[in-house]
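In what follows, a structure is listed as C-alpha cells, so that the remarks can point back to it.
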Amino acid sequence: MRPIITVLRKPPSIDFMRWHKLGFAFSILLTLLSIGLFLSEGLNYGIDFEGGILIEARSTTGPANLADMRSKLDSLNLGDVSLQGFGNASDVLIRLAQQPGGDKAQEAAQEKVRQALGKTVEFRRVEVVGPEVGSELIQAGVTATVLALIAIAIYVWFRFEWQFGIGAMVSTLHDVVTTVGLFALFRLEFDLTTLAAILTIAGYSINDTVVIYDRVRESTRKYKTMDFKTLINLSLNETLSRTILTVSTTALAVLSLLIFGGEVLRGFSIAMLWGIVIGTYSSLFIAAPFIYYIRPRRGNQAKKPAKADAMAEGAP
C-alpha cells in the first residue's frame, strides 16, 4: 500500500519516455494482430447484426434444466439453437437462427418452441431481427464509430492544436481496433451492447488523454526551455495519481457488472474492462509520446538549459 499512497501524495519520477518506442512497437504489433484476426476469423455477430430470434424465458418450476431444454429444441430442426443462463437460475436466453420464409416462418418457429417447452416455461421477451436490418445496423455502427473518432480529433484540435488532435485520434483508434481484435480472438458475441461499449471506450480514452494533454500544454507555457521529452515525463507523472484513481474506481464498477450483471451484460463488461486497461495504456504510451515527434508550438524559446526553468520557479 505504501507505494500507492506515495504516488497519490507526491508525483513520482517515472521515465515513461524511456519506454515509448517499445510501447509503439507493442501497439503496432497488437493492432496488426487485431486487424488480421478480424479479416481471417471475423466477429461472432449476435442476433442484432446476424439476424434471428431471441427469446428471454423463465422456468416457473425452479432452476432451468438447460440440457433438457436444449434436447427438446434440437429435435425441432430449427437450425442453430443456443441456450444460455443469465441472472437467476431460472432465467434462460434462447437464440434461434434466422428461419427461411419471412415473418410467418419466424412466428411459426416461436410457436414450435412454446409447444416444445410447454407451460412450465414463461416467455418474457421475444425479439426478431431480419438479416437486412442486421446489415443496416452494422453499417450504422461502423459509421457511428468513424464519426466519433473524427469528432474527437476535431474537438481536441480546437481545444489544443492539430498535433494533439492527431495524437488523440491515433490512440483512440488503437483502442477501438484492439477491442475488436479481442472479440475476434475469443469469439465473444458482438452485438449492439458491445458497440455501445466501444463508443464508451472511445469517450473514456479521450477523457484521460485530454487531461494529460492539458497538463502538457500548461507545462509548455510554464517551462518554455525545458527539454520536450522531460516535459512530457513531468506531465505524465503529475497526472498519474488522477489516472490511478480513475482507473481503480471505474474498474471496480465494471467488475461488478461482469460478476453480477449476468449473460446480458457480459460482452459489454468485458469490452469496458479491456477498454479501461488499453485506454490508460494508450494515453501514457501512445498519445503523449506521439506529440514528441510532431511538437506543438511553444512560443519564443531561448537557448537555455532545462535547469534554468526549475531554478527560476524556485526563486522568490
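The values are calculated or read from the model by the stated rules, or taken from the named source; none is laboratory data. This structure is a prediction, so every number in the text was calculated from the model and none was measured. Counting neighbours? That spans all protein chains shown, and the Cβs are built from the backbone with ideal geometry, glycine included.
What the table below lists for this structure:
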| item | result |
| --- | --- |
| One residue from Ile154, Ile138 being β-branched (Val, Ile, Thr), over 29 Å from Pro100 (Cα atoms) and at pLDDT below 90 | Ile154 |
| Number of positions in region 196-239 that are outside any helix (DSSP H, G or I) and closer than 30 Å to Ile138 by Cα | 0 |
| Selection count where residues are touching a helix residue (DSSP H, G or I) at 6+ places or on another chain (Cβ under 8 Å), small (Gly, Ala, Ser) and over 30 Å from Thr61 (Cβ atoms), scope region 102-134 | 1 |
| Filtered residues of region 150-161 (kept if surrounded by 17 or more Cβ atoms within 10 Å (Cβ to Cβ) and either in a helix (DSSP H, G or I) or not hydrophobic (A, V, I, L, M, F, W, C) (or both)) | Ile152, Ala153, Val156, Glu161 |
| Residue match in region 280-295 (condition: at pLDDT 70 or above, surrounded by 14 or more Cβ atoms within 10 Å (Cβ to Cβ) and not in a helix (DSSP H, G or I)) | no |
| Single unsatisfied condition, Thr225 versus (1) among the β-branched types (Val, Ile, Thr); (2) surrounded by 19 or more Cβ atoms within 10 Å (Cβ to Cβ); (3) over 21 Å from Ala153 (Cβ atoms) | (2) |
| Unique residue being surrounded by fewer than 22 Cβ atoms within 10 Å (Cβ to Cβ) and at pLDDT below 90 when the list is Leu195, Leu199 | Leu199 |
| Extreme residue, nearest to the chain's Cα centre (by Cα), among residues of region 162-192 that are among the aromatic types (Phe, Trp, Tyr) and crowded, with 16+ Cβ neighbours inside 10 Å | Phe183 |
| Single condition Val180 does not satisfy, out of (1) closer than 30 Å to Gly52 by Cα; (2) in contact with an Asp or Glu (Cβ under 9 Å, 6 or more places away or on another chain) | (2) |
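Here's the yes/no breakdown for (1) closer than 18 Å to Asp191 by Cβ; (2) assigned by TED's automatic domain parsing to the domain that holds Glu122; (3) not small (Gly, Ala, Ser):
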site: Phe16; (1), (2), (3): no, no, yes
site: Thr31; (1), (2), (3): no, no, yes
site: Ser40; (1), (2), (3): no, no, no
site: Glu56; (1), (2), (3): yes, yes, yes
site: Phe86; (1), (2), (3): yes, yes, yes
